[in-house]
Every structure is written in C-alpha cells, then in structure tokens.
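Let me begin by presenting the structure, written as structure tokens, before commenting on it.
Any read-out appearing in this document is the output of simple, stated calculations on the displayed coordinates, not a laboratory observation. From a predicted model like this one, the values you see are computed outputs, not experimental measurements. All Cβ positions, glycine included, derive from the backbone under ideal geometry; neighbour counts span all protein chains shown.
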Amino acid sequence: MKVLVLGATGGTGRLIVRDAAAKGHSVVALVRSIASADLPGADVIEGDARNEATIARALDGCDAVVSALGTGVGRRKVDLLTVATRAMITAMTHSGVRRLVCVSALGVGDSRGHGGFVFDRLFQPLLLSEAYKDKEHQEAAIRASQLDWILVRPARLTDDPARGNTRAITDLAHVNGGKIARADVARFVVDQLTTDTYLGQAPVLMW
C-alpha cells in the first residue's frame, strides 16, 4: 500500500513512517522543509499541508492517508489542523483516496472530561484550549466527510519503549486519564491501514 503521511517530522509521525516502511508500505511524507526531514524509508515531498494542490500532488498513486499533524501548547489561536484537514479531505475526495487514519487526542469530542482531574481542570483549559478547539474542528470535518476514516485518540503521550499491550477503548464509561507510548500509537495507526475494526470510530489508546 502507498501511504501519504502528514506530520511526518513530529514525534509520533516519525515512528509512523518507520513502522509503515517496516511493514512494507510505500511511504510518502509531506513536510514543510526537506532540509529538516530525516525520514529513512520515505519519499519526501516539500510543501504546505494547508494547500489543497500540494496535497493532491503528494497523493498521486496513494491508497491511504495518515494525519499526525499537531500544534503546540499555548493560548494563541491556531487553525492548522482545521485548514489542513479541509484541504486534505477535498484533495482525497477528488483523487478517489478513501482511507484516512487521523491522530487526534483524548479530551476531544465525546472523550472530553475523561483525561483525569489535573488534565481536565488545569492543563487542557489553561494550556491547550485553543489547540483542542482546532482538534474539535478537525474531527468534525472528518466525521462529515464521505471518507473511510478512523480517529485515533491517544492518552498522554510518552517516549517510553513500546509495550505492545495497547488498549483501544470505545466505551469511555470508566476512562479517567492514562498514558501511552508514541511507539505503541504508531503501531496501532499503521495497523489501521489494513483493517476495518475501528472504521468510523474514535478509539482512545492507553495502556
């Protein structure tokens, strides 16, 4: 399978590229600057992920897209995910590429309020409110599309080694925070390229 990865130079994105290539997928990475992109196993294309024409060019011959785009911490308004996702959906629709796996986060949509006391009461409202508004808009656009989508919502990300005992939770009744290694998230994301288990769903990932 040929896969386009957006956000490939981020902490999780790099691992997604690595794991996808290791599983035999042909990987295309759309990055802002080739000079700063050290992505073995990927065909790297320089461009702006917010530009529909750029995404359409990168999609040539692709069968699926993984979005691992992210924004930083802060109170400044951001719309990278909203703009890039809308451009991506339009380009995918026109190109006939249907499979989309998007990395979102615990605390978005119906998972809001399940991040644990400190995260829900302090960290998210004080440091991530604008970033999470952007993620909300991103998820809404994906849900409204006609794509074959999976929204992956990791709990608090760590740089620990992969454990391989990832829980993918869709019933949030007993979810109250948690953590997960980026390496385990990457493996889960790559697995979703070839399975329909969570199609049209938004599983929360944690140990």
Conditions (1) crowded, with 21+ Cβ neighbours inside 10 Å; (2) among the small types (Gly, Ala, Ser); (3) at positive phi -> Gly113 fails only (1)
So, first residue in contact (Cβ under 8 Å) with a residue 60 or more places away in the chain in region 87-102, second residue surrounded by 24 or more Cβ atoms within 10 Å (Cβ to Cβ) and part of a helix (DSSP H, G or I), Cβ within less than 6 Å, six or more apart or across chains; the pairs are Met88/Ile55; Val101/Val189
Of those in region 40-62 that are free of Cβ contacts under 8 Å to residues at least 40 places away in the same chain and small (Gly, Ala, Ser), the residue nearest to Leu80 (Cα to Cα) is Gly47
Within region 97-110, restricting to residues that are more than 14 Å from the chain's Cα centre (by Cα) and closer than 22 Å to Ala8 by Cα, the one that is surrounded by the most Cβ atoms within 10 Å (Cβ to Cβ) is Val97
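Listed here are the residues, each with its yes/no results for (1) over 19 Å from Arg98 (Cα atoms); (2) in contact with a strand residue (DSSP E or B) (Cβ under 7 Å, 6 or more places away or on another chain); (3) of a type outside the set (Ser, Thr, Tyr).
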site	(1), (2), (3)
Arg14	yes, no, yes
Ala37	yes, yes, yes
Ile45	yes, yes, yes
Asp48	yes, no, yes
Val65	no, yes, yes
Ala68	no, yes, yes
Val73	yes, no, yes
Asp79	yes, no, yes
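Sort through Val97, Val101 and tell me the only one that's in contact with a helix residue (DSSP H, G or I) (Cβ under 6 Å, 6 or more places away or on another chain) and closer than 21 Å to Val189 by Cα.
After applying the criteria, what remains is Val101.
Would a scan of region 131-141 turn up a residue that is aromatic (Phe, Trp, Tyr) and in contact with an Asp or Glu (Cβ under 8 Å, 6 or more places away or on another chain)?
No, because not a single residue in region 131-141 is aromatic (Phe, Trp, Tyr) and in contact with an Asp or Glu (Cβ under 8 Å, 6 or more places away or on another chain).
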Of (1) farther than 19 Å from Thr195 by Cα; (2) surrounded by fewer than 17 Cβ atoms within 10 Å (Cβ to Cβ); (3) without any contact (Cβ under 8 Å) to a residue 24 or more places away in the chain; (4) not β-branched (Val, Ile, Thr), Gln124 fails just (2)
If we take region 105-202, then helices (runs of 4 or more DSSP H) inside it with 1 or more residues that are out of contact with any strand residue (DSSP E or B) (no Cβ under 7 Å at 6 or more places or on another chain) and more than 24 Å from Val27 (Cα to Cα) are 124-127, 129-144
